[in-house]
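These notes concern the structure reproduced below.
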Amino acid sequence: MWDSAAQVSVLVALIGVISALSVALLSKRHQREHQQRESMLKPSEDFARKTIEALAALRYISPPSIDPEPHQVHRNESLLTNKEERAKRIERCEVAIDAVRAIRATMRLVFHPQSSVADSSVYVIRELRQCLEAATKYYRGADLSGASEHWREGEGNILRTSYLDLRRVIYNDLDVLLNDVAARMRRPLRIHSRFQPQKRPPQWVPPPGPE
């Protein structure tokens, strides 16, 4: 009888030890998952915030509309003649884009250089740069043409449309990046891999050129 009681006690003790170990392992795993999510969330938030700040800076060099709201003047109309203020705003845009670019290395390290998140971060930076180039090209053309009504309605309007299209593409690609981040965070303990990126329009092609 005593032997049976001792065996039961030992069995209960073993079950307690196994349970304690299981709880400890699960707790450690949850802690690792939390740490991995935090390591992915921080650079993603920084990248998204800096991208929005760059877009906000670009807004203040947007080529002015030739057909603003009635009885209003486009907020950037003065940049056609005020070259000093224009240069300051362009410089602010360059600084803002450089701030986005500075986070790209962290994004590549955290999500893997060949991940869809890393790809999207490159595309966003390229498009920000192209957006800035479209605006500066507009103002160079305006300077050469004297910002004539004929130029603004023709070549100037083409450049302005290109600038606005690029802004929309940047917002779309930022959404794609955040969706890819969310997909990666749902599998924090999996080995880094090149997850299938979000679907893009059939005519979409990766933006060329340096970041």
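The values are calculated or read from the model by the stated rules, or taken from the named source; none is laboratory data. Quantities reported herein were computed from a predicted structural model and do not represent experimental measurements. Counting neighbours? That spans all protein chains shown, and the Cβs are built from the backbone with ideal geometry, glycine included. SASA here: full protein model, heavy atoms, side chains in, ligands and nucleic acids out. Shrake-Rupley method; radii C 1.70, N 1.55, O 1.52, S 1.80 Å.
Structure summary
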{"quantity": "Dipole axis of segment 144-189 (+1 Lys, Arg; -1 Asp, Glu on Cβ), positive-most option in Tyr171, Leu159, Leu144", "calculated": "Tyr171"}
{"quantity": "Karplus-derived 3J(HN,Hα), 6.51/-1.76/1.60, for each residue of segment 145-156, Hz, glycine and proline x", "calculated": "8, x, 6, 5, 4, 4, 5, 5, 6, x, 4, x"}
{"quantity": "Accessible-area ranking of Arg75, Arg167, Arg108, Arg184, largest first, probe 1.4 Å", "calculated": "Arg75, Arg108, Arg167, Arg184"}
{"quantity": "Rounded accessible area of His74 (nearest 10 Å², 1.4 Å probe)", "calculated": "30"}
{"quantity": "For segment 69-157, alpha-carbon Rg relative to the globular expectation (2.2 N^0.38 Å, N residues)", "calculated": "1.44"}
{"quantity": "Semi-axes of the equivalent ellipsoid for segment 113-153, Cα gyration tensor, largest first, Å", "calculated": "35, 8, 4"}
{"quantity": "Segment 42-147 - percent of accessible surface contributed by carbon and sulfur, probe 1.4 Å", "calculated": "51"}
{"quantity": "Rounded to whole Hz, the Karplus (6.51, -1.76, 1.60) HN-Hα couplings of segment 105-116, x for glycine and proline", "calculated": "4, 5, 4, 5, 5, 6, 9, 5, x, 9, 7, 5"}
{"quantity": "Virtual spin-label span in nm between Leu164 and Ser39, 7 Å along Cα→Cβ", "calculated": "4.5"}
{"quantity": "Table column - 3J(HN,Hα) (Hz), segment 165-175, Karplus curve with 6.51, -1.76, 1.60, x for Gly and Pro", "calculated": "4, 5, 4, 5, 5, 4, 4, 5, 5, 5, 4"}
